[in-house]
Amino acid sequence: MPPTRFRRLARRTALLAATTLAVGFSLSVPAADGVAPTLKATKVTKTDEPGVTANLWEWNWKSIGKECSVLAADGYSGVQVAPPQNSLKRLSGDAETATIHPWWEVYQPVSYDLTSRMGSEAQFKAMVKKCRAAGVKVYVDAVINHMTGQGTTSYGGQDYTPYNYPDVPYGPADFHYNTGECSSSDGGIQDFNNKNQVFKCNLVGLEDLDTDSAKVQAELAGYLNKLLGYGVSGFRVDAGKHVGQDDLDGIYARLNATKDGTKPYWALEVFGGGPGVLSPQAFTKSGDVLGLDGGRQIFNAFKSYEANHVGSIATLEVFGTGSGLTSSAKTMSFVTNHDTDRNAGEYLGYKDGDTYILANQWLLAQGYGSPQVYSSFTWNDRADSPPDKNGTSGLIANTSCTNGKWTCDHRNPGIVGMVGWHNYVGAAKRTNFYTDEFNVIAFSKGTKGWAAFNNGPSAKEIRVQTGLPKGTYCDIISGKRVGSSCTGTPVAVNTTGFTRVTVPAKGAVAFKRTDRV
């Protein structure tokens, strides 16, 4: 979600997310070219699950279209893209944020045409087509809770005033504040444990749509259906927690099927900390939720030792529902995303270097949820945006993975190796868990794969059971198997399945059954 009205991005309270998949839909008509089939309330229940996705956050459409062939070759099944709708365009900085075009502009909609910082509607359509041709599904970050909270003009050139967006069109009656449904004294959320305020009041200054009205639901569904018609496979619902479950059900019930004939996938942004119906667990009946609480647990295991001399990755022997998280089947998991990357001390981010890479490798091996690898741009100030195409236009430049301005962590060889490892082992059960009770762990996934992780400052030799047959295997973190040879470190497994291996400091060793050389 956007920390909007200036720099309120890194909200530490329970701000965001939730959404609701209406249950039991089926196709009424076959899809025509460019038109998704309509869902009706009958029998089809299959949802378009994402697999391992790369979040190429605020990459422009041209760059994502080009990158999808790389993603496909590296084993990613999907890509998440930034909000494509027309948004606020700031014309100057302010006292809180000197950045003229902060990253969160794209989270303040003005209309639902697809003229954005990332490119035009034609470029968006071309990107989706290229990605689908490469076998990579596209998931859109959808902002449906609110409009903007400042400014007067947009990237598409449309002018607007508070609670008046003529190009949708929305007027004052289309917002909770003006319908009298918000119970707070100033129209904003004053208590994040108050259901009425969370669902019906303005979130950090953003004008909260009256999402329980048929008109607003129809406008939002029309926007999302346009994206589905272009070949999009699903959505990350920004600030879904603030839409409300009944309203989300109503919007989802109006959606079409994907071009693949499935229900669109929804991943609901629901920050933890709220009681009862405001908790992430309460939303899993309606769809998947983002693994924000899991990201905090990952930080506490990987980073808190360095910061506070407490905790270690040995605590990750229990992770998921056993540690209080939402179920794996209902979670889109990650180490960080665009909000949490900027919350140092709470979540890991690219600035954590090897620790961040190692945590991503562990998550892919752990197999909790549908894992997503976040990959974006470098930043100094939390409001910073990607490199500008024309200096100060706000339009985003083409991505380069060699100029130091983009992180491109999804291309890291160790992460790519673990994407393939994750895809191969599938749902195999974790066995042979080993820990030195400190900062080294190892485990098998059935008889299909084995991995070890060392979060400590020194290399560590371990002797452990791998669960794999005797042979010499190629470590896919340091290299890869090419024919009958290995470009990385060979690892010998004896007749009883044991190996003796040195796990590098801040590093991992992993191989799967097919990596025998």
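Taking the longest Cα principal axis of the chain as reference, the axis of helix 354-366 is set at about 90 degrees. Working from label points 7 Å from Cα in the Cα-to-Cβ sense, the S327 to F438 distance is 3.9 nm. Computed from the Kirkwood radius of its Cα pairs, the Stokes-Einstein diffusion coefficient for the stretch 313-376 at 10 °C and 1.306 mPa s stands at 129 µm²/s.
Over the chain, the alpha carbon radius of gyration divided by the compact-protein estimate 2.2 N^0.38 Å works out to 0.97.
Listed by chain and number, the lysines whose C-alpha is less than 19 Å from the C-alpha of K389, apart from same-chain residues fewer than 8 away, are K62, K66, K89, K405. Taking the Cβ-Cβ separation of K470 and D94 as r and a Förster radius of 60 Å, what is the calculated FRET efficiency to the nearest 0.05? So, using R0 = 60 Å, E works out to roughly 0.35.
Here the spin labels are modelled as points 7 Å beyond Cα on the Cα-Cβ line, and at S185 and V517 they lie 7.0 nm apart.
Helix 292-302 versus the longest principal axis of the chain: what angle, 0 to 90°, nearest 10, using Cα atoms? Tilt relative to the chain: about 30 degrees.
The eigenvalues of the Cα gyration tensor, multiplied by 5 and square-rooted, give the stretch 240-339 an equivalent ellipsoid with semi-axes of 30, 14, 12 Å from largest to smallest.
Of the DSSP beta bridges with both residues in the chain, give the percent that are antiparallel, rounding to the nearest 5. Expressed as a percentage, antiparallel bridges in the chain total about 60. Think of a 1.4 Å ball rolled over the protein heavy atoms: the chain then has 35 Å² of accessible area per residue.
Among the listed pairs K241/K429; K303/K460; K429/K480, a Cα-Cα separation exceeding 27 Å is found for K241/K429.
Heavy-atom accessible area for D212, with the other protein chains in place and a 1.4 Å probe, reaches approximately 70 Å². With respect to the chain, whose longest principal axis is taken over its alpha-carbon atoms, helix 413-425 is tilted by about 90°. Roughly how far apart, in whole Å, are the Cα centres of the stretch 231-306 and the stretch 360-425? If we compute the Cα centre of each part, the gap is 21 Å.
The values are calculated or read from the model by the stated rules, or taken from the named source; none is laboratory data. This one's a predicted model, so the numbers in the text were calculated from it and none came from an experiment. As a convention, Cβ positions derive from the backbone with ideal geometry for all residues, glycine included, and neighbour counts pool all protein chains shown. To get the accessible areas, we keep the full protein, side chains included, count just its heavy atoms, and leave off ligands, DNA and RNA. Shrake-Rupley method; radii C 1.70, N 1.55, O 1.52, S 1.80 Å.
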